[in-house]
1. Please verify whether the range 30-39 includes one or more residues that are assigned by TED's automatic domain parsing to the domain that holds Arg103, surrounded by fewer than 18 Cβ atoms within 10 Å (Cβ to Cβ), modelled with pLDDT of 95 or more and among the polar types (S, T, N, Q).
2. Does the range 51-72 include one or more residues that are touching a Pro at 6+ places or on another chain (Cβ under 7 Å) and within 26 Å of Gly20 (Cα to Cα)?
3. Do the conditions hold for Ala237, that is, is it within 14 Å of the ligand (Cβ to nearest atom), outside the structural domain of Thr35 (by TED's automatic domain parsing), surrounded by 24 or more Cβ atoms within 10 Å (Cβ to Cβ) and in contact (Cβ under 8 Å) with a residue 12 or more places away in the chain?
4. Go through the residues of the range 126-147 one by one and say whether even a single one is away from the ligand (no atom under 15 Å from the Cβ), at pLDDT below 95, of a type in the set (S, T, N, Q) and surrounded by 18 or more Cβ atoms within 10 Å (Cβ to Cβ).
5. Against the definition (within 22 Å of Pro419 (Cβ to Cβ) and more than 15 Å from the ligand (Cβ to nearest atom)), how does Gly400 come out, yes or no?
6. Select the strands (runs of 3 or more DSSP E) contained entirely in the range 132-238, then report the ones holding at least 2 residues which are farther than 19 Å from Ala75 by Cβ.
7. Mind telling me which of the residues Gly82, Gly8 ends up being more than 13 Å from the ligand (Cβ to nearest atom), in contact with a helix residue (DSSP H, G or I) (Cβ under 9 Å, 6 or more places away or on another chain) and in contact (Cβ under 8 Å) with a residue 60 or more places away in the chain?
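The values are calculated or read from the model by the stated rules, or taken from the named source; none is laboratory data. Bear in mind the structure is a predicted one, so any value in this text is a computation, not a measurement. Glycine gets a Cβ as well: all are built from the backbone with ideal geometry, and neighbour counts include every protein chain shown.
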Amino acid sequence: MDAFLIKGGRPLHGDVSISGSKNATLPLMAAALLTSEPCTIRRIPNLSDVQFMGEILKSLGAEVTFEGDSVTIRARKIHEVGKYDLIRKMRASICILGPLMGRLGRARVSLPGGCVIGARPIDLHLKGLRALGARFTVRAGYVLGETKRLVGTEVFLGGRVGPTVLGTVNIMMAATLAEGTTLIESAACEPEVIDVANFLIAMGAKIQGAGGPTITITGVKKLHGAQHDVIPDRIEAATFAIAAAVTRGEITLKNCRPDHLGAVLDKLRETGVKAERRGPDLVVSHGRTRLRPVDITTQPYAGFPTDVQAQMMVLMLLVPGISVITERIFEARFMHVPELCRLGAEISIEGPSAIVKGGRPLSGAQIMASDLRASAALVLAGLAAEGSTTVKRVYHLDRGYDRMDEKLRTLGARIERVPDRPESE
Ligand code: EPU
């Protein structure tokens, strides 16, 4: 296991190139199961989760070849068994369910289980596929699905806290090969859903309305191979934007699709951070003014993303005054709070809200990453803190950030990857 050793207090300056989106790449790779022809996905990020999705597809019988920043998948002959050992490690692997049901009419996929950020049920995925005619039973930890033929219908996917991203993608993928027309209502509007829809359209699918709350899919008999460039990772971009603010530096985010960052930029500007669009790039700087605290509530897109909540909390720690950060998407997504408190932060949790008393100096300490976005927040806190911070268990970070330590170093950060020795416990 690796750790990051960070010597904080240095402003970050320079250009950073934003990698392809993790949360688009994973379902894009699963979509390749819908055809027996080869599909190539380019601009993929270099992440352990992406490698892992490759392993899952191989375990289903697909040929998967990584080359540079692209992957070619050929799912000539596949079977329907997604094994527990693989699925439990990455929740996103549930997005093989829709393609398996669409292509084979059967699936035997392990239930993914919960994760540290919440229970993460899949009831809406099953509800949608059932509406299309699939029958599901749960046996021995596996969800067993079967159908003679999926048939298009109306599917309402609004859940307890709003739409579901991977649920929307799963139903959309399955419906591409269903008979007739499927109408997904209360669909997730995230840019990753649009990206998957665009890939499916390139494969011959008939889809309208992705990116809005109603998606119409008219089933076709067969899909064919296609090539696709993944959209930039808006969460990585937001994380580097916040890195500029918390280190009082200036970073140009190259090729980051600022149009996908509306809610984050709005909150950064409200606090006083400067963010200027230059075509596909974005220049973010702390600015000279005293920053103000802002309240944040996470919401489905186009609201403030839950995946940026932890990082934004670090900025609020540095701003004098009180801010309230409310998490509405995942019930347990405050694992970073006790670790931030080890650096001197003052944060209390009341129900779904974290009350942040900002303006206290942070000082370096040993802290432990618990999940992907919490890890990113701890790294940002380490960059802003006085002295040395060791962030342990950075494998969480490597799942979803493409060479974050290298990118930070090119911006002037003092960050090193070191062995996570037990004696430093
Ligand atoms: N939900 C249900 N039933 C379902 C599905 C979801 O109740 O059948 C609930 C969830 O428990 C949650 C809410 O609906 O409370 C939204 O979950 P959603 O299904 O949208 O999440 P997801 O599709 O599993 C993706 C991202 C997450 C991101 C969320 C929300 C991928 C691979 N994952 O998860 O990304 O936080 O959407 O935007 O796309 C991350 O990258 O760190 C990450 C966790």
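1. Yes: one or more hits.
2. Scanning the range 51-72, I find at least one residue that is touching a Pro at 6+ places or on another chain (Cβ under 7 Å) and within 26 Å of Gly20 (Cα to Cα), so the answer is yes.
3. yes
4. Scanning the range 126-147, I find no residue that is away from the ligand (no atom under 15 Å from the Cβ), at pLDDT below 95, of a type in the set (S, T, N, Q) and surrounded by 18 or more Cβ atoms within 10 Å (Cβ to Cβ), so the answer is no.
5. no
6. 135-139, 142-146, 154-156, 181-185, 206-208, 214-218
7. Unique residue meeting the criteria: Gly8.
So that you can scan it fast, the table gives a plain yes or no per residue for (1) closer than 16 Å to Ile94 by Cα; (2) not β-branched (Val, Ile, Thr):
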site: Asp123; (1), (2): yes, yes
site: Ala131; (1), (2): no, yes
site: Arg149; (1), (2): no, yes
site: Val155; (1), (2): no, no
